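Visitor: Would you mind keeping the following structure in view while I ask a few things?
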Amino acid sequence: MSWAVEEWKEGLSPRVLQKIHELEGQVDKLKKERQQRQYQLETLEAALQKQKQKVENEKNESAILKRENQSLMELCDKLEKAKQKISHDLQVKESQVNIQSGQLNSSKKDIERLEQELKR
């Protein structure tokens, strides 16, 4: 088949044949460059897709972490409110204990006083 491709060159001057040969060399060189660039482009596109997927995965993970963080913040708020309520309840009970302790001491003194009166 290559003989048919070369047939059209018959009868051309050596100078023209040399120029044709140079042009064919340039075409081959450009084809190789194009193939290399096509390969580079495909490689870069694959890397880009990989990076896009990585970014998408990180966005999804970030959204999950934000939701988890929000949930934990709400839980902390609930726990803080519960702590404040328990602290308030504790203060109320301590006050009641102090009052009852005072009443107990007063009652003990009254009992001691009454026992002293009975002994007399």
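The values are calculated or read from the model by the stated rules, or taken from the named source; none is laboratory data. Bear in mind that the values here come from a model prediction, so they are computed numbers and not experimental data. So basically every Cβ, Gly included, is an ideal-geometry build from the backbone, and we count neighbours across all protein chains shown. Only protein heavy atoms, including side chains, enter the accessible area calculation; ligands, DNA and RNA are left aside. Shrake-Rupley method; radii C 1.70, N 1.55, O 1.52, S 1.80 Å.
Visitor: Which of the following residues is more than 41 Å from the chain's Cα centre (by Cα) and surrounded by 10 or more Cβ atoms within 10 Å (Cβ to Cβ): SER71, SER101?
Guide: On the way: SER71 fails: more than 41 Å from the chain's Cα centre (by Cα).
It is SER101.
Visitor: Same structure, new question: Return the total of residues in the range 10-29 being at negative phi and not in a helix (DSSP H, G or I).
Guide: Matching residues across the range 10-29 total 3.
Visitor: I would also like to ask the following. For residues in the range 1-57 being among the aromatic types (Phe, Trp, Tyr) and at pLDDT below 95, which is least open to solvent (accessible area, probe 1.4 Å)?
Guide: TRP8
Visitor: Residue check: is GLU22 more than 30 Å from LYS9 (Cα to Cα), free of Cβ contacts under 8 Å to residues at least 60 places away in the same chain and not small (Gly, Ala, Ser)? Walk me through how you get there before you give the answer.
Guide: Working: more than 30 Å from LYS9 (Cα to Cα): no; free of Cβ contacts under 8 Å to residues at least 60 places away in the same chain: yes; not small (Gly, Ala, Ser): yes.
No, not satisfied.
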